[in-house]
Amino acid sequence: MLQSKLFTKTRKEAPKDEVSKNAQLLIRGGYIHKEMAGVYSYLPLGRRVLERIEQIVREEMDKIGGQEIRMATLHPSEPWKQTGAWDGVDVVFKILSRTEKEYTVGQSEEEIVTPIAAEYVLSYKDLPVVIYQIGQKYRDELRAKSGIMRGREFTMKDMYSFHETQEDFDRFYAQAKEAYLRVYERLGLVAKATEASGGAFTNKLSYEFMVLTEAGEDDILYCNSCSYCVNVEISDQKEGDTCTRCSANGVLSQAKASEVGNIFDLGTKYTKDFTFTYKNKEGIETHPIMGCFGIGITRLMGVIVEALSDDRGIVWPESVAPLRVHLVELGGADNADVHTEAAELYRELTEAGISVLWDDRDARAGEKFADSDLLGLPLRVVVSEKTLAAGKFECVERASGHTSHKSISELIGHLTANG
């Protein structure tokens, strides 16, 4: 991809009405465009990041037996009224059509997925079932904030499972928990499985997956010796207390965190609401146990920026970066040899299957380096008169700042060996 042809441009300043770091950096880098509070469009580089996050989530859900579907976004009001959510959930958008029919746009999919599953699950032999989608969600938030981390329109992976027994749900929950932790690890994040209230979905205990960040909206307590973590809102413990869950007498610390996923044990609420039953081994009509598993895709993008960026700009983990290499050509407009060498390096890298953003613009070195830091691609490779004379390119890792010098063959060998 040639930077001179990229229709978006970087900005020196963020819009004055954006206070969150993720929105400021993503807008300045040309990753997103703000339409209104809580609603953003994702531009070429931003779309690439989202797709890479989605693919990691998709791979991990498929590994535990998830089957991907695509559910309707526009919902009739009837199933929402059947579950009580039409009047019981305050973030539901309500739409009245010209024909006086009521609709909503999905903020969750229990009302749609449960009747779908009921058509295909007739016997215990059909269970368990695990289906998921990655799509848009809409919530009538009174106060959209934190950039793309809390919006009125956002992308989410929501997965739903149906089981014969509570034991089978608990078995699958353990698998899903490990899959979620693998997702966050692959994204370069450290997340904690946190006990929390089920909220509007259920009165049972749920689990939220939290990433420590000062931009977080939640306060959590976590043990310094074991994996125990709890949302402060439902806990009678406080910072400095001894952990009651581990044998090492760990101490609880408090921190700000952002939710990046959740798991709800829905029990039989929705399967009863829709009279969804199957025949068990004894031939008796029984309601399946249901679970809901969410991961915020756009929220994850914002959390990555909040957690990993520095004072110069974004620092994308290689797993989700829109492109792997930022090829920065210096002085090519005045030196045909530099431009020719940059073009050859671009050709060889792309032929080797390595994605490259080539800064071929006629701009000053300082501007190019500042833009490179802002965009945050994992590796910057500089082509200049100096590197031409040395016979090796300057390679700077965005995350660590480590600088090395490599020939074309050494650079391609390094990149292909590492991903």
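The residues of the stretch 136-184 that are small (Gly, Ala, Ser) and without any contact (Cβ under 8 Å) to a residue 12 or more places away in the chain amount to a single one, 174. The number of residues in the stretch 1-40 being more than 18 Å from the chain's Cα centre (by Cα) and of a type in the set (A, V, I, L, M) comes to 7. Do we find that residue 30 is in a helix (DSSP H, G or I) and surrounded by 13 or more Cβ atoms within 10 Å (Cβ to Cβ) in this structure? It is false that residue 30 is in a helix (DSSP H, G or I) and surrounded by 13 or more Cβ atoms within 10 Å (Cβ to Cβ). Within the stretch 362-386, take every residue that is crowded, with 19+ Cβ neighbours inside 10 Å and over 20 Å from residue 25 (Cβ atoms) and give me the one that is farthest from the chain's Cα centre (by Cα). Looking at the filtered set, the residue picked out is 384.
Screening the stretch 84-126 for residues that are touching an Asp or Glu at 6+ places or on another chain (Cβ under 6 Å) and either within 25 Å of residue 287 (Cβ to Cβ) or among the acidic types (Asp, Glu) (or both) and picking the one that is surrounded by the fewest Cβ atoms within 10 Å (Cβ to Cβ) gives 124.
Quickly run through the stretch 278-302 and pick out the residues that are in contact (Cβ under 8 Å) with a residue 24 or more places away in the chain and among the β-branched types (Val, Ile, Thr). Selection gives 286, 289, 295, 297, 298. On inspection, residue 375 qualifies as farther than 14 Å from residue 411 by Cα and either in the same structural domain as residue 184 (by TED's automatic domain parsing) or in contact (Cβ under 8 Å) with a residue 40 or more places away in the chain (or both). Look at the stretch 91-107: where a residue is in the same structural domain as residue 154 (by TED's automatic domain parsing) and among the acidic types (Asp, Glu), no partner that is exposed (fewer than 11 other Cβ atoms within 10 Å of the Cβ) and part of a loop (DSSP other than H, G, I, E, B) sits 6+ places away or on another chain with Cβ atoms under 6 Å.
Looking across 247, 225, 319, 235, one residue alone is over 31 Å from the mean Cα position of the chain (by Cα) and among the hydroxyl-bearing types (Ser, Thr, Tyr). It is 247. Selection over the stretch 108-134 of residues that are within 27 Å of residue 277 (Cβ to Cβ) and in contact with a Lys or Arg (Cβ under 8 Å, 6 or more places away or on another chain) gives a count of 6.
Considering the conditions (1) of a type outside the set (Asp, Glu); (2) surrounded by fewer than 12 Cβ atoms within 10 Å (Cβ to Cβ); (3) closer than 19 Å to residue 339 by Cβ; (4) in contact with a Ser or Thr (Cβ under 9 Å, 6 or more places away or on another chain), residue 358 is excluded by exactly one of them, (2).
When 342, 352, 333 are screened for being of a type outside the set (S, T, N, Q), touching an Asp or Glu at 6+ places or on another chain (Cβ under 9 Å), in contact (Cβ under 8 Å) with a residue 12 or more places away in the chain and surrounded by fewer than 16 Cβ atoms within 10 Å (Cβ to Cβ), only 333 passes.
The criterion of being farther than 30 Å from residue 21 by Cβ and part of a helix (DSSP H, G or I) holds for residue 348. Considering each residue of the stretch 134-142 in turn, none proves to be within 26 Å of residue 287 (Cβ to Cβ) and surrounded by fewer than 18 Cβ atoms within 10 Å (Cβ to Cβ). All conditions in (1) under 29 Å from the mean Cα position of the chain (by Cα); (2) more than 19 Å from residue 335 (Cα to Cα) hold for residue 405, with the sole exception of (1). When residue 86 is tested against (1) in a helix (DSSP H, G or I); (2) touching a residue at least 40 places away in the same chain (Cβ under 8 Å); (3) touching a strand residue (DSSP E or B) at 6+ places or on another chain (Cβ under 9 Å), just one condition goes unmet, and that condition is (2).
The values are calculated or read from the model by the stated rules, or taken from the named source; none is laboratory data. Remember, it's a predicted structure, so these values are computed and weren't measured experimentally. For neighbour counting, all protein chains shown are included, and Cβ atoms are generated from backbone atoms with ideal geometry for every residue, glycine included.
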